[in-house]
Amino acid sequence: MSWADPGLRLLPATRPLTQRWRQEPVSPRGGAQIGISFRQLQAEALGLDAQEALDALLAHPFQLIRLGAYWNRIEPAPGAFHPAELDRQIDAAERAGKQVIVCLGPVKTFGYPEFFVPAHHLATPLPEKSLITPESHPELLEAAVAFLTRIVKRYAGRAAITAWQVEHEAVEPLGIEHSWRLAEAFVRAEIAAVRAADPDRPVMLNGFLPASLPVRLQQWWRTRDQGDSLAVAQRLADIVGIDYYPRHALVSTGPLTVYLHGGPAGPRRAGRLLDSAAQAGQQLIIAEGQAEPWEAVTVPPSPPGRAAASCRPEDVIRTYSTCLRWAAGRNRFIDGYLFWGAEYWLLRDRQGDPRYLQAFARVLDES
């Protein structure tokens with residue numbers, strides 16, 4: 001990709017399903033743990049029973065799962081504390097023999113809408129185009145630290161938990177929904193609290209890896225004062241998590257959609273992150289490897305007999321193999337790879353299309 005080719009593609013929004021996923025090469029995983037993220041809210045949005053969906057996914061022989069502690073669901077009112085959902089999820093993961101990364105949030109947690117602060121902790125909305133600092137929002141930071149400390153202490157005795165994730169894409173704005181950002185100092189204070197509550201487990205920070213020139217330029221401009229979440233992860237975290245989406249929709253017009261299509265900028269930066277992690281003694285994982293469509297709507301479409309152009313079944317394997325080749329090409333290795341979109345695979349399977357689940361199974365069987 002060059003300045004003359006910014007990665008914009010006008011394509012039909014859907015394509016007929018094929019058997020290409022059967023022929024797509026599967027890269028060897030090496031020492032990488034393979035797993036998924038589980039989003040209970042996404043399962044519910046797709047019309048699935050969240051606990052049944054989790055149980056169905058846990059039956060597959062992967063090693064690692066990421067779960068989220070959603071602040072406004074655990075603390076829906078002042079003084080309330082209802083961790084039963086997360087208790088059940090961790091219990092189920094332990095019974096299935098999985099290792100667990102818990103995303104503590106608190107302000108941002110993975111899964112739309114990514115912002116889960118209880119209303120009683122915000123008298124007014126966070127101001128747009130502002131940096132949320134310990135000085136500007138001391139009450140929010142105090143409440144966030146109290147919440148994540150309580151969660152860490154509750155689950156610190158669980159041997160299955162291998163890491164704590166603090167925030168989600170910690171210092172980046174929430175897409176087009178909000179333009180405010182957390183300051184690095186805010187995140188640093190949260191990490192200090194996690195390490196004080198549990199000194200032995202590593203802390204993970206994740207960040208979005210721009211795959212196209214327009215997104216790269218926008219992200220640089222919006223985070224130029226303190227760097228993006230990947231840069232902050234390099235400075236603060238024990239585990240650097242890369243979120244990689246090689247194709248996503250920009251806008252739809254009738255049967256056609258404009259997509260941002262990945263080029264060489266993403267792999268180049270991923271290589272630098274791999275080198276930096278190795279030199280600093282950090283782990284590096286793909287925290288989100290795209291494995292469901294990212295179209296111009298919130299809930300991924302599931303057209304009968306067709307696949308959304310942003311992620312077909314073969315792309316589940318192709319994106320995984322691409323990331324593993326980044327490391328192999330530099331004589332590095334990735335510590336883990338978490339597929340993003342497992343709930344969508346179950347929806348497709350329920351609708352009579354098992355290809356996404358079968359593509360995932362191929363990775364597990366052949367890597």
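The values are calculated or read from the model by the stated rules, or taken from the named source; none is laboratory data. All figures in this text were calculated on a predicted structure; none of them were measured in a lab. All Cβ positions, even for glycine, are placed from backbone atoms using ideal geometry, and neighbour counts span all protein chains on display.
Remarks
- So Arg348, is it charged (D, E, K, R), surrounded by fewer than 24 Cβ atoms within 10 Å (Cβ to Cβ) and over 20 Å from the mean Cα position of the chain (by Cα): yes
- Test: residue in the range 229-252 that is farther than 23 Å from Arg332 by Cβ, touching a Pro at 6+ places or on another chain (Cβ under 7 Å) and either buried (at least 18 other Cβ atoms within 10 Å of the Cβ) or aliphatic (A, V, I, L, M) (or both): no
Residue-by-condition table, conditions (1) within 21 Å of Asp335 (Cβ to Cβ); (2) crowded, with 17+ Cβ neighbours inside 10 Å; (3) free of Cβ contacts under 8 Å to residues at least 12 places away in the same chain; (4) in contact with a strand residue (DSSP E or B) (Cβ under 7 Å, 6 or more places away or on another chain):
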{"position": "Gly68", "(1), (2), (3), (4)": "yes, yes, no, yes"}
{"position": "Ala77", "(1), (2), (3), (4)": "no, no, no, no"}
{"position": "Ala80", "(1), (2), (3), (4)": "no, no, yes, no"}
{"position": "Ala84", "(1), (2), (3), (4)": "no, no, yes, no"}
{"position": "Asp91", "(1), (2), (3), (4)": "no, no, yes, no"}
{"position": "Ala96", "(1), (2), (3), (4)": "yes, yes, no, no"}
{"position": "Cys103", "(1), (2), (3), (4)": "yes, yes, no, yes"}
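- Top-ranked residue in the range 213-228 [being of a type in the set (S, T, N, Q) and in a helix (DSSP H, G or I); ranked as surrounded by the most Cβ atoms within 10 Å (Cβ to Cβ)]: Gln219
- Of the strands (runs of 3 or more DSSP E) lying entirely inside the range 255-367, the ones with 1 or more residues being touching a strand residue (DSSP E or B) at 6+ places or on another chain (Cβ under 9 Å) and modelled with pLDDT of 95 or more are found at 283-290, 306-308, 336-340.
- Extreme residue, surrounded by the fewest Cβ atoms within 10 Å (Cβ to Cβ), among residues of the range 121-142 that are in contact with a strand residue (DSSP E or B) (Cβ under 9 Å, 6 or more places away or on another chain) and in a helix (DSSP H, G or I): Leu140
- Among the residues making up the range 190-212, those that are crowded, with 19+ Cβ neighbours inside 10 Å, out of contact with any Ser or Thr (no Cβ under 6 Å at 6 or more places or on another chain) and either on the phi > 0 side of the Ramachandran plot or not in a loop (DSSP other than H, G, I, E, B) (or both) are Glu190, Ile191, Val194, Val203, Met204, Leu205, Asn206, Phe208.
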